[in-house]
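Report on one structure; see the data block that follows.
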Amino acid sequence: MKYKLYFTFFVAFLSCVFVQAQNIIRVTPDGEGDGSSWAKASSIEDAVNDASEGDEIWVQAGTYRISETLNLNVSDVKLFGGFDGTEKALGDRDEETNKTIFDGGSSIRILMIDVSANDTVIDGIRFRNGNYTAIIEYHGGGGAIYVNEADNVVIRNCRFIDNTSTSNGAGIYFNLSDGSLVNNCIFNNNSAEYEGGAVFILNSDNGVVIDNSTFNNNYAYDGGAICNEGEVTTPFEVIDCTFQQNESYVSGAALSFWESNGQVRNSSFVNNETMDGRAGAISTVRNSLTLKNNLFQGNKARAGDGGALMSDKAVVYAERCRFISNTTPYEGAAIYNSGTMDIVNSLFQENGAYDDGGAIYNSNRLSVANCTFIDNYNTAVVSASGDYTDTNIYNSVFFGNFTNNPFFYSDIQIVSFNGGNASSDIRRNILEEFPDGTNNQVEVDPLFVNPANNNYRLQSGSPAIDTGLARWFDKVSEETDADTSIDLDGTPRRQGDNVDMGAYESAFTAIPIPECTAITSPENGDTDIALDSEITWETISGAEGYYLSIGTSPGGAELVNREEVSGTSYTPAVNFEENTTYYVNVVPFNETGEAEECEGISFTTETVGEVPGCTEIISPVNGQEEVPLNTDITWEAVPGAEGYFISIGTNPGGSEALEDHQQSETTYSPEADFEANTTYYIRIIPYNDYGKAEGCPEFDFTIH
């Protein structure tokens, strides 16, 4: 028991030692002490440069003129601002009231967090007028803070104002910094001459996260607010952030991604602008990017493509995003895509391109499901390339879009030129004008709740309700299926028997679209079908009728083209042709829509041969007299004849001597002699499986 008591005391002693090792250094603007109390406060230079591992630095409100860059080079140091100089606990401070300002005088980088300073925390500091002047053009940066190979750095509750860099990252430069976080910070009026007006991130593999932060009026040549560059294992994340009135000269006024994967969620991009280039909000190049629940409004690319978003050979997935009033004088007012892009549950409203693609311009691979396109200028979606494009649009609503190109449709235009190949699948959409595609509703009113007030949800009775198909949503949606996804409002996507068209799912339901039927006669692959056969199929519950198509090639309908049939059988007005293969498809429909991907059948009709012609008598010759009593009758063989019917009488048309005797040979030998001095009349009728010869002459001869 004694040893146990000693051991317990020893552990408690060590715990006290470790607690005491977490030293608190207090700082005031005029401090000259050791920082052990507010009365003995230290200077900021001594506190930071001499900090030990685990120290906390508490900085009193005031303006600190930084004349030489502060250097943190040990781990687990926490730098807190926002104190009034009386606090005894960290929770007593009020950083909003007690403003702690580090001012670089527009001549010096304010803070360096160096390679050994992992797990650093910067909290409640305002960085103002920091400056970095590049020694080598376009290299380095960080006017306010430079994080150099330090991991898990946390910068929160800070403000970055009027910082500059002649290269990159006027506010913060992260270099090879894994797992770092920027949280609840504000970046205003920061400017970098090259990349990342507020923040630049380079090769930071393990996912820098910027959360709940605001970026206003920042500028850079590329990436007006943020530029992220270099391959990463864990994507760079932007969450719950606001980007407003940021500018870049050439691309990505808010965000620029260069070969670096990213995720942007729950953020807004408003009135950002590229001055002489592309991508008014986000530029993404040769990477993968996920966008979820973001607003893009009023962004502008003044002299390039992509008023809001430019994807250059990137893989982009967008879900529940709003693109409103973005513009470009060129192509793709909301989005320009030259990579692979999938978009679901999103709204494109009043975007305008002076050239083509009021909402989206696609020059590679684009798939869209359950989106709403309203009042976009110069054709909502244009896919065009001299090489190859693939465009798939499903379950979407197009209304009020327009174009100034007399050769383009207002909703969708697929273009190939210079020998390019353009493939498309435009299926189950509401469109104002588009002649191609499958099962689209054209020239119908989608019946929005209140379009005058930008409410594009669906009224009861809308033709968009339950007329989408879940399988097409699932084909495009990467992370959820129709049963688990939510719409643009956050409502469960599937409310009825199927999904609605457009970005908004209604709680109203419609009569279910009928299922496909099965053709019962003829059966698929049947041969030798009679020319007058009827086609029959199974009754389908909920079907108002059936669209019947018949052709002579797969998918053909040149004989019967989607003829409406109310029953479950059909007999052609004209018999089928012999020895011909026919392709038949029957599609049930009702007021909600028609079944989709119904499989047809094929069958081949019988071969109908020719009835044989008539023959000529050889012996006796027609009209011959003095014919012997025991004469045989011989005639010419007829091609295609299987046999002959022979009738003999003593009067024209008579058959009392022989009636319809049937044989295959061309000579008939009577069982008894003919009677003398008698004229006989003979009819020889060739026949086969297809019938008897018609109109054959009667021959006669007279016995001697």
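List of remarks:
- Spread of Cα-to-Cα distances over 10 Å intervals beginning at zero, given as percent, for the stretch 90-207: 16, 48, 30, 5, 0
- Fewest-first ordering of Asp162, Asp94, Asp76 by other beta carbons within 10 Å of each residue's beta carbon gives Asp94, Asp76, Asp162.
- The stretch 12-157, relative contact order [Cα under 8 Å, separation at least 6], %: 19 percent
- Length-normalised contact order for the chain - Cα pairs under 8 Å, 6+ apart - percent: 4 percent
- Which of Tyr336, Tyr546, Tyr583 has the fewest Cβ neighbours within 10 Å, and the rest in rising order: Tyr583, Tyr546, Tyr336
- Counting neighbouring Cβ atoms within 10 Å and putting the fewest first, the residues Leu255, Leu72, Leu295 line up as Leu295, Leu72, Leu255.
- q = 0.05, 0.10, 0.11, 0.12 Å⁻¹: log10 I(q)/I(0) that the Debye formula gives for the chain, counting C-alpha atoms only: -0.45, -0.96, -1.06, -1.17
- Its Cα gyration tensor gives the stretch 210-265 an equivalent ellipsoid. The semi-axes, each the square root of 5 times an eigenvalue, are 18, 15, 6 Å from largest down.
- Placing unit charges on the Cβ atoms of the charged side chains and taking the dipole of the stretch 650-704 about its Cα centre, the candidate lying farthest along the positive direction among Pro697, Tyr680, Pro670 is Pro697.
- Relative contact order of the stretch 258-345, pairs being alpha-carbon contacts under 8 Å that are 6 or more residues apart, as %: 28 percent
- Binned Cα-Cα distance frequencies in the stretch 503-553 - 5 Å width, integer %: 4, 13, 20, 19, 13, 11, 7, 5, 5, 3, 1
- log10 of Debye I(q)/I(0), alpha-carbon scatterers only, for the stretch 253-336 at 0.19, 0.20 Å⁻¹: -0.69, -0.76
- Ellipsoid equivalent to the stretch 308-465 - semi-axes via the Cα gyration tensor, in Å: 23, 16, 15
- Note on the stretch 162-273: Kirkwood radius taken over Cα pairs, Stokes-Einstein applied at 20 °C and 1.002 mPa s, translational D equal to 166 µm² s⁻¹.
- Dipole magnitude for the stretch 167-276: about 300 debye, using +1 per Lys or Arg Cβ and -1 per Asp or Glu Cβ, origin at the Cα centre.
- Taking Cα atoms only, the orientation of helix 2-21 departs from the longest principal axis of the chain by about 90 degrees.
- For the stretch 582-704, the spread of Cα coordinates along the three principal axes comes to 88, 24, 22 Å, biggest extent given first.
- Per the Debye formula on identical point scatterers at the alpha carbon atoms of the stretch 396-550, with no solvent, log10 I(q)/I(0) at q = 0.18, 0.21 Å⁻¹ is -1.16, -1.35.
- Translational D in µm²/s for the stretch 78-155 (Stokes-Einstein at 4 °C, 1.567 mPa s, Kirkwood Rh from C-alpha pairs): 94 µm²/s
- Rounded to the nearest 20 debye, dipole of the stretch 625-694 from Cβ charges on Lys, Arg, Asp, Glu: 180 debye
- Taking every alpha-carbon pair within the stretch 310-350, the share separated by more than 11 Å comes to 66 percent.
- Overall Cα dimensions of the stretch 424-486, principal axis frame, Å, largest first: 33, 29, 18
- Only the Cβ atoms of Lys and Arg (+1) and of Asp and Glu (-1) were treated as charged; on that basis the dipole of the stretch 84-184 about its Cα centre amounts to roughly 260 debye.
- Considered as an equivalent ellipsoid built on the Cα gyration tensor, the stretch 552-634 has semi-axes of 58, 12, 9 Å, the largest given first.
- Look at the dipole of the chain built from charges on Cβ: of Thr607, Ile374, Asn351, the Cα furthest out on the positive end belongs to Asn351.
- According to the Cα-based calculation, Rg over Rh for the stretch 615-663 is 0.97, with Rh computed by the Kirkwood formula.
- Summarising the amide proton neighbourhood of Gly33: residues at separation of 5 or more, or on other chains, whose placed amide H is nearer than 5 Å comprise Ala41, Ser42, Ser43.
A short reminder: the numbers here are calculations on the coordinates, not readings from a lab. Just so it is clear, the model here is predicted, and its values are computed rather than measured. No Cβ is skipped: glycine too gets one built from the backbone with ideal geometry, and neighbour counts run over all protein chains shown.
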